[in-house]
Amino acid sequence: MDPIINAVLKPKSIAIIGASTKPNKIGFKVVENLKNCGYTGPVYPINPDAEEILGYKCYPNIKDVPYVVDMAVVTVPAQVVPTITREAGEKGVKGLSIITSGFSEVGDHALEEEVVKIAREYGMRIIGPNIIGVLSNSDKMNASFTNFLPLEGKAALVSQSGALLIAMDAATYTRRVGFDKMISIGNQADLDFADLIAYLNEDENTTCITLYIEGIKDGPRFMQEARKCTKPIIALKAGSSAHGAAAAASHTGSLAGSAKVYEAAFEQAGVAQALDLNDMFDTTLALSLQPTMKGDNLLIVTNGGGVGVLATDAAEKYGLPLKFAPEDVQAELRKHMPSFGSAKNPVDITGQAGLEGYYEGVKYAYAHPWVDGVVVLYCETSVTNPQEIAEAIYNALQESGASGKPVAVSLIGGDRCETAMKWLIERDIPTYNAPDLAVKAMASLRKQNEMLKTAHNGLYKPDDVDSEKARQIIAGARAKGRNALTEVEAKHVFKAYGLPVAPTDLAHNEDEAVKLAEQIGYPVVMKIVSPDILHKSDAGAVKVNIKNEQGVRDAWKLILENSLAYKADAEIDGVAIQEMAPWATEVIVGSVNDATFGPTLMFGLGGIFVEVMKDVTFKVAPIDEATALDMQSEIKSSKILQGVRGELPRDQKALAKVLAHYSYMIYDLQDEIAESDANPVIVYEDGQGVSVVDARIILTKK
Ligand code: ADP
Ligand code: MG
């Protein structure tokens, strides 16, 4: 654990620079909150005009404090912050929590950079600016201007929005989701999400990290830290709509990347994405209190058939479909229910079920080795008391002799259920007021288990690549003042990264075209090669299925004529002669350099699927072949690759290899390739491979 960051987030002593005697000032609030919430370390208000504030002795300047100061909360106006930062540095303060606003969020990047630069000179770390502060239950520290510490718990919240943090702090009590820490990170001038993930991963009081994100500054570093993190991370990303992204960008001064790329990055780094605030709380409750679910066998115990069905639907919806319990489990459970109950799954112990039914049913189910996780549902009835049922469930789990498996409960009913829910949550059992929420919580514990497994994989790197050769081709194009490669050049780059490109040669005149066509073998395809014509079909400059010499000669003339008609001054390298790939399924593989996460791979079916359906999926590069296979099943039209209506499945393995190699190419050449695509890549039947027939690379601006 970084000792400096630890001193800032878990300070043994705190100064408040800008402490005030006026109760309506933030500089007073922070002192008051530290006192009221029970912070036990020394507090040093800095104020040249006051003797003391709330019983704490004031000092005129931070440098006058005769003791060690770990962290200083800064509430002075923005213009004074550089001076304050230098004074704090000279004093030997370890870090600052800068509450003050008026920096990059309003466009003043220079002021913010100046403050960071000064802090660096002294080895200080900064949280903020533009924050509400830092709160920690385990340290009884409320170094913020929100009035109280959150409901005690095991999660940690890191929020880019201060206002939302204040609201969530209050909401922890009504939603009963406990947090040990709440950290406002505002502009992330210095400490950012990645630093906080690394820190909280080692914090003994945190079991789960919840993030409210508007924009990430360094995507690759975020992913790297998230991948290393062994605790669940939940992220709520604001700004998924174009308008929302613009609002977030102007709000925090950081660039919000495309929602789809964020989604991919989270998934790849093992971060659970929350859909909204409710989902964020619900998921945090489960992930902060329960172990992950190691297998797929979910067992549901219920006293109501209806909620059992709702839960079953939810299980399927959230990717954890129910299976029938094995015979021995059913036989044992049947002993604890009326004859009209059901021991399959959901296990319906019926509305007549009392304490004994719940106790015995849950105890047996939870302990059985077949069961990987249990969801217990209870509908309030006139013959049972929810509190007693809650106690029966709790005792059953305690006395089952098993552990390490997750459980979630749903109590459906009125006030009595609310009270019983609270009681269970206080005993670390995530409890919800609707059956689908309990199932969804369990599904997130299952998914977490799988994500944590793959997220730790190292970065993929194929061994059969020739980067040097690719770079030479690119340098050659750049030397000619070009910012795009021709298809022939791009194909050579692809080839250097092990991609199976259709054999292609450049003909400089008609006779050479005939000669090359004969070498390659008919039928052939002919296309214009010009740095000025990137969309060749648009110019009528692609001719397929050319069967003989006369065809080549005719095509030559037509292609040149059409190209010059399309762009009279087009620079023309010649005409590409290439092997005609037999028709099969066309897919598109492409890339963009995402502003946040860098080189990002795109995949979809070709033709109208790309243009009309926008049925594409993204992954941050590089990806391995297993992830590439997942990618193929992520698109809506994935069935076409799996083989529909009697067609054989396509060669998904060969395609996975292409995707993985392609992703490594754009990762390795990220300083050179701004955008690229292979459109189309033709995918043959299983075992028959794939063929890249078109290639396009747009270079980065240098
Ligand atoms: P552009 O995308 O610049 O218009 P392409 O090279 O993709 O040009 O060619 C247009 C279409 O011609 C492709 O989408 C594909 O259907 C077909 N095509 C191109 N090259 C080949 C080839 N070598 N074998 C078979 N079909 C091809
Ligand atoms: Mg094309």
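The values are calculated or read from the model by the stated rules, or taken from the named source; none is laboratory data. Worth saying up front: this structure is predicted, and the values here are computed from it rather than measured. All Cβ positions, even for glycine, are placed from backbone atoms using ideal geometry, and neighbour counts span all protein chains on display. Remember, those area values only see protein heavy atoms, side chains included, never the ligands or the DNA or RNA. Shrake-Rupley method; radii C 1.70, N 1.55, O 1.52, S 1.80 Å.
Figures for the structure shown
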quantity	calculated
Surface accessible to a 1.4 Å probe, per residue, for the residues of the chain, Å²	41 Å²
Table column - 3J(HN,Hα) (Hz), the range 107-112, Karplus curve with 6.51, -1.76, 1.60, x for Gly and Pro	x, 8, 6, 4, 4, 5
Under 5 Å, built H, 5+ apart or other chain: amide partners of residue 210	156, 157, 158, 234
Residue (of 150, 484, 338) at the positive-pole extreme of the chain, dipole from beta-carbon charges	150
Under the Debye formula (equal points on every Cα, no solvent term), log10 I(q)/I(0) of the range 7-85 at q = 0.13, 0.14, 0.17 Å⁻¹	-0.33, -0.39, -0.59
Globularity ratio of the range 517-628, using Cα Rg and 2.2 N^0.38 Å	1.33
Of all DSSP beta bridges in the chain, antiparallel share, percent nearest 5	50 percent
Helix axis angle, 355-367 relative to the chain longest principal axis, alpha carbon, degrees	50 degrees
Rg followed by Dmax, in Å, when the range 446-534 is reduced to its Cα trace	19.2, 64
Most positive-pole-ward Cα, 519, 506, 473, against dipole of the range 458-548 from beta carbon charges	473
Selected from 129, 268, 533, residue furthest toward positive end of dipole (the chain; charges at beta carbon)	129
Translational diffusion of the range 608-648, µm² s⁻¹ [Kirkwood Rh, Cα pairs; Stokes-Einstein; 10 °C; 1.306 mPa s]	139 µm²/s
From phi via Karplus (6.51, -1.76, 1.60), per-residue ³J(HN,Hα) for the range 434-449 in Hz, x at Gly/Pro	9, x, 5, 5, 5, 5, 4, 4, 5, 4, 5, 5, 5, 4, 4, 4
MRE, 222 nm, helices only [DSSP H, n ≥ 4, -39500 (n - 2.57), over the chain, to nearest 500]	-12000 deg cm²/dmol
Where only alpha carbons of the range 421-472 are counted, the Rg and the Dmax (Å)	22.0, 68
Principal semi-axes in Å for the chain [√(5λ), Cα gyration tensor, largest first]	54, 40, 17
Dipole moment magnitude, nearest 20 debye, the chain about Cα centre, only Lys, Arg, Asp, Glu C-beta charged	780 debye
Reference-scaled alpha-carbon Rg (2.2 N^0.38 Å with N residues) for the range 147-218	1.06
Euclidean distance between Cα centres, the range 38-76 to the range 506-564, Å	80 Å
Reciprocal of mean inverse Cα separation for the range 192-236 (Kirkwood radius, Å)	10.5 Å
Distance in nm between pseudo-label sites at residue 147 and residue 428 (7 Å out along the Cβ direction from Cα)	3.3 nm
Isotropically averaged projected area of the range 106-176, using the convex hull of Cα atoms (one quarter of hull area), nm²	5.9 nm²
Over 25 Å (Cα to Cα) - which of 527/701; 536/639; 453/619; 228/422; 217/619; 323/440 fall in this group	527/701; 536/639; 228/422
Accessible surface of the range 281-409 [probe 1.4 Å, protein heavy atoms]: carbon and sulfur percent	52 percent
Percentage relative contact order, the range 314-404, counting C-alpha pairs under 8 Å, at least six apart	25 percent
